[in-house]
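J.: Got a structure for you, questions after.
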Amino acid sequence: MNPRIKLVTELYEVSERLALKALNAVKTEDLYERPLDKANSFHWVFGHITASRYGLAKYIGMTESVPWEKLYEYGADVHDRSAYPTIDEIKTAFLEITKKLKARFETLTEKDLAGEPPFAIPGLEKSVAGILAFMSFHESYHVGQLAYLQRLHGGEKLVG
Amino acid sequence: MSPRLEYTVNLYRINTGLFRRVTELCDMKDIDHRPLKNGNSFRFLTGHITLYRHSLAATLGLEVKFRWTELFDLGARPMEPSAYPPMKDLLNAFNKVSDPMLKRLESITDAELDESPSFTVDVPDTVNTVGGIVSFGALHESYHIGQMAYLVRLLGGDRLIR
């Protein structure tokens, strides 16, 4: 693996473990609960993390996709729960893309990493490598929310 | 800067900006609110991130002191609001440690990244070297900033990221 991205790709592995740990801990009846009717549900946040992994796959030259990505886009409208895939479907997709991303991280070349990114992040190098770093931030940010939601519903701490 | 740390340092820069922004979004009257009695308060999360920056700065060899470790450490018991320092003191502590910490990260060598750190974290897939701790620290901050943003939304405030 390119040493420049090694530490950042390790963060994806930590987030993966924490996201799955949160998923394992959350009660089924709490999955769709939106605390105080304002914030995103556990189901939506986990779906958003998964859809974002598919987004990242595209940014680094893969063609993987799931049909429900748009439901979990930033700012997406809230729909009736029947519109969404089940949590098991999302988990399966998460595991599948995670395996493929790990393999792809190993083969990313300097040329791949220097490629034109789909969007620019202020303060980050305008490159595919910069997006790879940003998406690790994005994922940690939302995994923290999964942990918080889990606690709101009376669950144990995710870390510690 | 070690090329290995280039993107991690950028993550700290993103975290620094978003931490400052999210602390502006929270209404001061809500800083001690614990949603559904289970979630950490905004003030606790502010102090917890600031504490971790101090711990990281210390493991990088900087002389720093954080006065309220026991109040904001992992697993600390929630206290009455009067037990906590004012938000402005926490934000000052965060600002004071941040520039030296970022400068130190920019000068760290590959050999230093492979050394044993002065503290470790018990999280699967985390490598307990200075480099591993620095990397995990970026995730740790983003994780809690995500929680702060979530809390602001729960309390009726604006989105952190638009």
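J.: Can you tell me the 0 to 90 degree angle between the C-alpha axis of helix B:42-59 and the longest principal axis of chain B, rounded to 10?
T.: Taking the Cα atoms of chain B, the angle to B:42-59 is about 10 degrees.
J.: Let me know the Kirkwood hydrodynamic radius for the protein assembly as shown, please, with Cα pairs as the basis and the value in Å to one decimal.
T.: Working: mean 1/r = 0.0498 Å⁻¹.
When all Cα pairs of the protein assembly as shown are included, the Kirkwood radius is 20.1 Å.
J.: Give the Rg (one decimal place) followed by the Dmax (whole number) of the range A:3-152, computed from C-alpha coordinates and expressed in Å.
T.: Cα radius of gyration and Dmax of the range A:3-152 are 15.5, 47 Å respectively.
J.: Suppose we look only past 16 Å in the calculated P(r) of the range A:85-136. What percent of the Cα-Cα pairs does that tail hold? Spell out each step's value before the answer.
T.: On the way: 704 of 1326 pairs.
That tail contains 53 percent of the Cα-Cα pairs.
J.: For the range A:1-72, with the dipole built from +1 on Lys and Arg beta-carbon atoms and -1 on Asp and Glu ones, taken about the Cα centre, which of A:Thr28, A:Tyr54, A:Leu11 lies farthest toward the positive end?
T.: Checked the options; the winner is A:Leu11.
J.: When you look at the Cβ of every residue in B:131-141, what mean number of other chain Cβ atoms sits within 10 Å? Intermediate results must be reported in sequence, preceding the final value.
T.: Details: counts 3, 3, 0, 1, 7, 5, 0, 7, 14, 4, 4.
Across B:131-141, the average partner-chain Cβ count within 10 Å equals 4.
J.: For the ranges A:138-144, B:20-26, what's the packing order if you count other beta-carbon atoms within 10 Å of each residue, average per peptide, and put the highest first? Mind dumping the intermediate values first?
T.: On the way: A:138-144: 26.6, B:20-26: 17.9.
Going from most to least packed, we get A:138-144, B:20-26.
J.: Can you pick out the pairs among A:Lys21/A:Lys99; A:Lys70/A:Lys91; A:Lys21/B:Lys96; A:Lys91/A:Lys111; A:Lys38/A:Lys70 whose Cα atoms lie more than 24 Å from each other? Working shown, then result.
T.: Numbers: A:Lys21/A:Lys99 17 Å; A:Lys70/A:Lys91 17 Å; A:Lys21/B:Lys96 35 Å; A:Lys91/A:Lys111 32 Å; A:Lys38/A:Lys70 20 Å.
With Cα atoms farther than 24 Å apart: A:Lys21/B:Lys96; A:Lys91/A:Lys111.
J.: What is the average number of partner chain Cβ atoms found within 10 Å of a Cβ in A:35-48? Display every interim value, and only then the final one.
T.: Values: counts 8, 6, 1, 6, 8, 2, 0, 0, 0, 0, 2, 0, 0, 0.
Mean partner-chain Cβ count within 10 Å for A:35-48: 2.
J.: Would you kindly derive the ³J(HN,Hα) couplings of the range A:37-52 from the backbone phi angles with the Karplus curve 6.51 cos²θ - 1.76 cosθ + 1.60 (θ = phi - 60°), listing them in order in whole Hz, with x for Gly and Pro?
T.: 3J(HN,Hα) across the range A:37-52, in whole Hz: 6, 10, 9, 5, 7, 4, 4, 5, 5, 5, x, 5, 4, 5, 4, 5.
J.: Still on this structure, please answer the following. Which whole number of Å³ per residue matches the convex hull of the alpha-carbon atoms in the range B:3-154? All intermediate terms of the calculation are to be shown ahead of the outcome.
T.: Details: hull volume 16.9 nm³, N = 152.
So the per-residue hull volume is 111 Å³.
J.: Report ³J(HN,Hα) in whole Hz for each residue of the range B:145-152, in order, from the Karplus equation J = 6.51 cos²θ - 1.76 cosθ + 1.60 where θ = phi - 60°; Gly and Pro get x.
T.: My calculation for the range B:145-152 gives 5, x, 5, 4, 5, 5, 5, 4 Hz in order.
J.: Okay, moving on. Using mean Cβ contacts within 10 Å as the protection proxy, how do B:97-105, B:144-152 order, highest first? Spell out each step's value before the answer.
T.: Working: B:97-105: 16.8, B:144-152: 26.2.
In descending order of packing, they fall as B:144-152, B:97-105.
J.: Which aspartates and glutamates have a Cα less than 13 Å from the Cα of A:Lys58, not counting those fewer than 8 places away in the same chain?
T.: Output for A:Lys58: A:Glu69, A:Asp112, A:Glu116.
J.: Calculate the mean, over all residues of peptide B:20-28, of how many other protein chain Cβ atoms lie within 10 angstrom of the residue's Cβ.
T.: Details: counts 0, 0, 0, 0, 0, 0, 0, 0, 0.
Across B:20-28, the average partner-chain Cβ count within 10 Å equals 0.
Where a number appears in this text, it was derived from the coordinates with a stated rule and is not lab data. Every value quoted in this text rests on a predicted model; they were computed, and no experiment measured them. All Cβ positions, glycine included, derive from the backbone under ideal geometry; neighbour counts span all protein chains shown.
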